[in-house]
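J.: Attaching a single structure in structure tokens format; questions to follow.
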Amino acid sequence: DPDNVQTYSLNIPEQSMITGIAVDQSNSDHLIIASGTNIYQTYDGANSWESTSAGLSGVSMILSFEQNPLNPEQLTIGTDAGIFKSIDGGNNWNQIFNSLVHHVQHSNHVDGHLMASVRTTDMSNFAIYYTTDHGDTWETISNKDLYSVNAFHTYFEFQEEIAMAYINTTDLGLL
């Protein structure tokens with residue numbers, strides 16, 4: 001109800017940028033957050049937190065956090081070290097892609113379909129990556145194939161077997 005917005009102050013485990021929040025649909029006291037270089041979980045409504053970052057070696061920044069809408073136990077993060085996936089609600093993590101990723105997103109139609117992107121910076125060129133097998137193999141759409149744009153952000157709209165990429169660029173507007 002937009003006329004009855006309620007806010008809550010939460011105890012958070014560290015003073016870092018929070019890049020994602022997942023709320024357990026069956027237990028609102030169970031939250032998972034990505035903060036700094038860590039993943040934290042609480043089972044008591046944010047009174048206490050535990051780090052569940054096992055397997056995130058080499059990560060110095062979590063840039064994107066996504067919960068699979070078709071499998072809430074699967075969480076995926078985009079980091080400066082690549083893409084990591086958890087299939088047990090964030091308790092254990094495995095790397096499924098080993099290059100910088102700013103944004104990762106699951107399909108809301110087909111389990112196992114993911115898309116990711118890296119934006120244009122002084123250290124990276126824009127590219128889109130996609131997989132149709134839960135991250136076992138990845139395909140790349142290079143910046144050269146995308147008109148060599150200076151991209152800042154992407155959003156992916158999934159359909160059954162295709163996805164539309166909306167690209168926010170600094171030179172050509174919204175593509």
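The values are calculated or read from the model by the stated rules, or taken from the named source; none is laboratory data. Every value quoted in this text rests on a predicted model; they were computed, and no experiment measured them. Cβ sites come from the backbone with ideal geometry, for glycine too, and all protein chains shown count toward neighbours. These accessible areas exclude ligands, DNA and RNA; they are computed on the full protein's heavy atoms, side chains included. Shrake-Rupley method; radii C 1.70, N 1.55, O 1.52, S 1.80 Å.
J.: Going by what's in this entry, would D80 be described as open to solvent by less than 60 Å² (accessible area, probe 1.4 Å) and of a type in the set (D, E, K, R)?
T.: The answer is yes for D80.
Yes/no matrix, rows are residues, columns are (1) in contact with a Pro (Cβ under 6 Å, 6 or more places away or on another chain); (2) open to solvent by 80 Å² or more (accessible area, probe 1.4 Å):
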{"residue": "I96", "(1), (2)": "no, no"}
{"residue": "H102", "(1), (2)": "no, no"}
{"residue": "N108", "(1), (2)": "yes, yes"}
{"residue": "D133", "(1), (2)": "no, no"}
{"residue": "W138", "(1), (2)": "no, no"}
{"residue": "D145", "(1), (2)": "no, yes"}
{"residue": "I162", "(1), (2)": "no, yes"}
{"residue": "N168", "(1), (2)": "no, no"}
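J.: What is the residue count in region 147-160 for residues that are closer than 20 Å to I96 by Cβ and either out of contact with any His (no Cβ under 7 Å at 6 or more places or on another chain) or open to solvent by 70 Å² or more (accessible area, probe 1.4 Å) (or both)?
T.: Looking only at that region, the number is 1.
J.: Just checking, how many residues over region 15-50 are acidic (D, E) and surrounded by 14 or more Cβ atoms within 10 Å (Cβ to Cβ)?
T.: Of the residues in region 15-50, 1 are acidic (D, E) and surrounded by 14 or more Cβ atoms within 10 Å (Cβ to Cβ).
J.: Can I ask one more? Exactly one condition in (1) open to solvent by less than 60 Å² (accessible area, probe 1.4 Å); (2) touching a Ser or Thr at 6+ places or on another chain (Cβ under 8 Å); (3) among the hydrophobic types (A, V, I, L, M, F, W, C) is false for A54; which is it?
T.: Among (1) open to solvent by less than 60 Å² (accessible area, probe 1.4 Å); (2) touching a Ser or Thr at 6+ places or on another chain (Cβ under 8 Å); (3) among the hydrophobic types (A, V, I, L, M, F, W, C), A54 violates only (2).
J.: Cβ-Cβ distance below 6 Å, separation of 6 or more or different chains: which pairs start in region 61-84 with a residue that is modelled with pLDDT of 95 or more and end on one that is assigned to a strand (DSSP E or B) and of a type in the set (D, E)?
T.: Partner pairs satisfying both residue conditions: T76/E66.
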